[in-house]
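Here is the structure we will look at, set down as structure tokens.
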């Protein structure tokens, strides 16, 4: 399967990509010659990771008939100090909120298995990033 993305320079440090027919704006911060027209490219990689693994986890949990009120993925990433700067450590926090979630070991195991399947088998973004950095994760369950 082949993917195609077109990215167009919009002047200064601004770029607009078209991904699956949707525009995505990118720019640098003012201190780097930009004007905050859009997101920075590297954090968008983290967003792609969250979206990819999140879709996997939601799909797997729906098959297990696990329902939840809220689901968020927080990502903390460390970048190298020298050029080319890239993420060398990424930590994902999968936060689930629902009825009687805290302390529910059976639910935690189902969610843990779903995250493991995404991380080890399904998420292509994770597979790509794992070649250049350490990726770790944790699960947090909260009550509504």
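The values are calculated or read from the model by the stated rules, or taken from the named source; none is laboratory data. This is a predicted model, so every value here is computed, not measured. In this analysis, Cβ positions are derived from the backbone assuming ideal geometry, glycine residues included, and neighbour counts consider all displayed protein chains.
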Q: Identify all residues within the stretch 35-58 that are under 16 Å from residue 111 (Cα atoms) and out of contact with any helix residue (DSSP H, G or I) (no Cβ under 7 Å at 6 or more places or on another chain); write none if there are none.
A: 50, 54, 55, 58
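Any idea which of 136, 126, 62 is in contact with a helix residue (DSSP H, G or I) (Cβ under 8 Å, 6 or more places away or on another chain) and either at negative phi or not assigned by TED's automatic domain parsing to the domain that holds residue 51 (or both)?
Sole residue among the options that is in contact with a helix residue (DSSP H, G or I) (Cβ under 8 Å, 6 or more places away or on another chain) and either at negative phi or not assigned by TED's automatic domain parsing to the domain that holds residue 51 (or both): 126.
For (1) in contact (Cβ under 8 Å) with a residue 40 or more places away in the chain; (2) part of a strand (DSSP E or B); (3) not assigned by TED's automatic domain parsing to the domain that holds residue 120, each residue gets a yes or a no:
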{"residue": "57", "(1), (2), (3)": "yes, no, no"}
{"residue": "68", "(1), (2), (3)": "no, no, no"}
{"residue": "76", "(1), (2), (3)": "no, yes, no"}
{"residue": "83", "(1), (2), (3)": "no, no, no"}
Q: Of all residues in the stretch 89-112, count the ones that are surrounded by fewer than 18 Cβ atoms within 10 Å (Cβ to Cβ) and out of contact with any helix residue (DSSP H, G or I) (no Cβ under 9 Å at 6 or more places or on another chain).
A: 14
Q | Given (1) at pLDDT 95 or above; (2) farther than 30 Å from residue 17 by Cα; (3) not in a helix (DSSP H, G or I), index of the condition residue 91 fails | A | (2)
Q) In the stretch 28-39, what residues are surrounded by fewer than 15 Cβ atoms within 10 Å (Cβ to Cβ) and either within 15 Å of residue 17 (Cβ to Cβ) or under 19 Å from the mean Cα position of the chain (by Cα) (or both)? A) 39
Q) Taking the stated definitions as given, is residue 13 part of a helix (DSSP H, G or I) and either at pLDDT 95 or above or within 19 Å of residue 122 (Cα to Cα) (or both)? A) no
